[in-house]
Amino acid sequence: MTQLIPTKAVCVARNWRGHIRELGNVEPSEPTFFHKPLSAFRPLSEPIHLPHWSSEVHHEVELALRIDQRLCGAGLEQVAQAVGAVALALDLTARDVQNRLKAQGLPWEKAKSFDGSLPLGPWIPITEVGPLEELELRLEVNERLRQQGKLALMIHSPFALVAEASRYFTLEPGDVVLTGTPEGVASLRAGDKLVLTLSGHWRQETRVAHD
Ligand code: ZN
């Protein structure tokens, strides 16, 4: 299959109740979406470079979906046909900057969409992972469990999120949808070693660079 080149990632804020509680946010009546541009994408296996203008870059482990067919105002059945692969991902978030922007009612792009803020992949064909609601995400940092969540506990299922996102943003082949993070977000430090796993079966290591 020819390699699909993404045009964007669409991400969702606040899709797991535990994470909403830990940040003191209110459960939303509809999903809140934001984008990451191509300049945010990095292979998850490469060392993470933290931006120098933030002192509080949080890890958010998330399941990413790859859209293989164009979706615009799609229903759930169409979404199920179009999602071709899943991957482990980090939605890196400059929480100090985000909190400052939120307090002023300003958009979050600087905090969420900076260069390298989306370590991602490799892709796993969706046919290999079984029903998404049975999957579990885990993140260990320096051999300690930081984040863990079953996809069944999401407020909006992954496919429902894709359908909702496609009402507003046409999803092109190769585009990526991130599905939100469970509780346990915390700061990353230089030298941290991260292990991300999907249901214990798919595993990816990465680390934070010293720079
Ligand atoms: Zn996130």
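The values are calculated or read from the model by the stated rules, or taken from the named source; none is laboratory data. Everything quoted here is computed from the prediction, not taken from an experiment. Note that we place each Cβ from the backbone using ideal geometry, even for glycine, and neighbour counts take in every protein chain shown. Accessible surface areas use protein heavy atoms only, side chains included; no ligands, DNA or RNA. Shrake-Rupley method; radii C 1.70, N 1.55, O 1.52, S 1.80 Å.
What the table below lists for this structure:
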| quantity | calculated |
| --- | --- |
| Value of relative contact order over the chain, rounded to a whole percent, pairs C-alpha under 8 Å and six or more apart | 34 percent |
| FRET efficiency estimate (nearest 0.05) - Cβ-Cβ, residue 52 to residue 152, R0 45 angstrom | 0.70 |
| Gained length - residue 23 relative to residue 38, 0.36 nm times residue gap less alpha-carbon distance | 2.7 nm |
| Neighbour cut-off at most 16 other Cβ (10 Å), DSSP loop, trypsin sites (Lys or Arg not before Pro), the stretch 63-116 | 70 |
| Length gained when the stretch residue 142-residue 115 is fully extended (0.36 nm per residue, less Cα-Cα span) | 7.3 nm |
| Neighbour-limited loop hits for chymotrypsin sites (Phe, Trp or Tyr not before Pro), the stretch 35-140 (at most 11 other Cβ within 10 Å; DSSP other than H, G, I, E, B) | 53 |
| Computed log₁₀ I(q)/I(0) - Debye formula, equal Cα scatterers, no solvent, the stretch 70-211, q 0.11, 0.14, 0.17 Å⁻¹ | -0.47, -0.77, -1.11 |
| 13 Å beta-carbon shell around residue 36, net charge (K/R +1, D/E -1) | -2 |
| Cα-based Lys proximity count in the chain, under 21 Å, for pairs eight or more positions apart or on separate chains | 8 |
| Accessible surface of the stretch 35-98 [probe 1.4 Å, protein heavy atoms]: carbon and sulfur percent | 51 percent |
| Heavy atoms of residue 192: accessible area, 1.4 Å probe, square angstrom to 10 | 10 Å² |
